[in-house]
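> Provided herewith is a single structure, encoded as structure tokens, for subsequent inquiry.
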Amino acid sequence: MAYQSFEDLLVWQRSCQLAVKVYELMRSCRDFAYRDQMIRSSLSIPSNIAEGAERGSTKEFCRFLHIAKGSAAELRTQFYLCQKLALIPPQEVKRGIEETKELSAMLQGLINKLKT
């Protein structure tokens, strides 16, 4: 695996961009509990990638990548619920769902690569 640090990983970079986007989308949401939960799950994705990468073992890195993948699924669920609750525009919901699916696939690909 050719990378110097987690900052080099495209999956980490894209998950950071998504976390910023979620923060921006939810900034005006008046349901503070829902907003905070969505922001927390979005922050969890890049945070777990970074933490796992710094653990110093492939086994630990894979464990944290699985946690990040779970957070992506959690965030995707929250996007689906946003759609039903009309909390954010439909096109943003669609983009969020697509991005979380792509991040999950990227995380699984990284896990597979690390295991070989």
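> State all residues of the stretch 1-28 that are within 14 Å of L110 (Cα to Cα) and β-branched (V, I, T); if no residue qualifies, say none.
V11
> Could you check the stretch 61-80 and list, in sequence order, the residues that are more than 17 Å from A105 (Cβ to Cβ), touching a residue at least 24 places away in the same chain (Cβ under 8 Å) and not polar (S, T, N, Q)?
Result: F61, single match.
> Any chance the stretch 1-12 includes a residue that's buried (at least 16 other Cβ atoms within 10 Å of the Cβ), in a helix (DSSP H, G or I) and over 10 Å from the mean Cα position of the chain (by Cα)? First the steps, then the outcome.
Taking the stretch 1-12 first, the residues buried (at least 16 other Cβ atoms within 10 Å of the Cβ) are 6, 9, 11-12.
Those still in the list that are in a helix (DSSP H, G or I) too: 6, 11-12.
Those left that are additionally over 10 Å from the mean Cα position of the chain (by Cα): 6.
There is at least one residue in the stretch 1-12 that is buried (at least 16 other Cβ atoms within 10 Å of the Cβ), in a helix (DSSP H, G or I) and over 10 Å from the mean Cα position of the chain (by Cα).
> Find all pairs meeting these conditions: Cβ atoms under 8 angstrom apart; at least six residues apart or on different chains; first residue within the stretch 99-110 and under 13 Å from I49 (Cα atoms); second residue part of a helix (DSSP H, G or I) and polar (S, T, N, Q).
L103/S15
> Something else: Output the residue which, of all residues in the stretch 86-115 that are of a type in the set (D, E, K, R) and surrounded by fewer than 12 Cβ atoms within 10 Å (Cβ to Cβ), is modelled with the lowest pLDDT.
In this case the residue turns out to be K115.
> Considering only residues that are more than 28 Å from K84 (Cα to Cα) and in contact with a Ser or Thr (Cβ under 7 Å, 6 or more places away or on another chain), look in the stretch 40-52 and name the one that is surrounded by the fewest Cβ atoms within 10 Å (Cβ to Cβ).
N48
> Got at least one residue in the stretch 68-79 being modelled with pLDDT of 95 or more and closer than 14 Å to L114 by Cβ?
Yes, that holds for at least one residue.
> So which residues in the stretch 25-39 are of a type outside the set (S, T, Y) and surrounded by 11 or more Cβ atoms within 10 Å (Cβ to Cβ)?
Kept after step one, since they are of a type outside the set (S, T, Y), are these residues of the stretch 25-39: 25-27, 29-33, 35-39.
Once the filter is applied, which keeps residues that are of a type outside the set (S, T, Y) and surrounded by 11 or more Cβ atoms within 10 Å (Cβ to Cβ), the stretch 25-39 yields L25, M26, C29, D31, R35, D36, Q37, M38, I39.
> Going by the structure shown, is R55 under 14 Å from L18 (Cβ atoms) and either surrounded by fewer than 20 Cβ atoms within 10 Å (Cβ to Cβ) or free of Cβ contacts under 8 Å to residues at least 40 places away in the same chain (or both)? Steps first, answer last, please.
Values: under 14 Å from L18 (Cβ atoms): no; either surrounded by fewer than 20 Cβ atoms within 10 Å (Cβ to Cβ) or free of Cβ contacts under 8 Å to residues at least 40 places away in the same chain (or both): yes.
Taking the combined requirement at face value, the residue does not satisfy it.
> Hey, among the residues in the stretch 13-24 that are touching a residue at least 12 places away in the same chain (Cβ under 8 Å) and surrounded by fewer than 18 Cβ atoms within 10 Å (Cβ to Cβ), which one's farthest from P89 (Cα to Cα)?
Among those residues, the one meeting the criterion is R14.
The values are calculated or read from the model by the stated rules, or taken from the named source; none is laboratory data. Given the structure is predicted, the values throughout are model-derived calculations rather than measurements. Please note: Cβ atoms are built from the backbone with ideal geometry, for glycine as well, and neighbour counts cover all protein chains shown.
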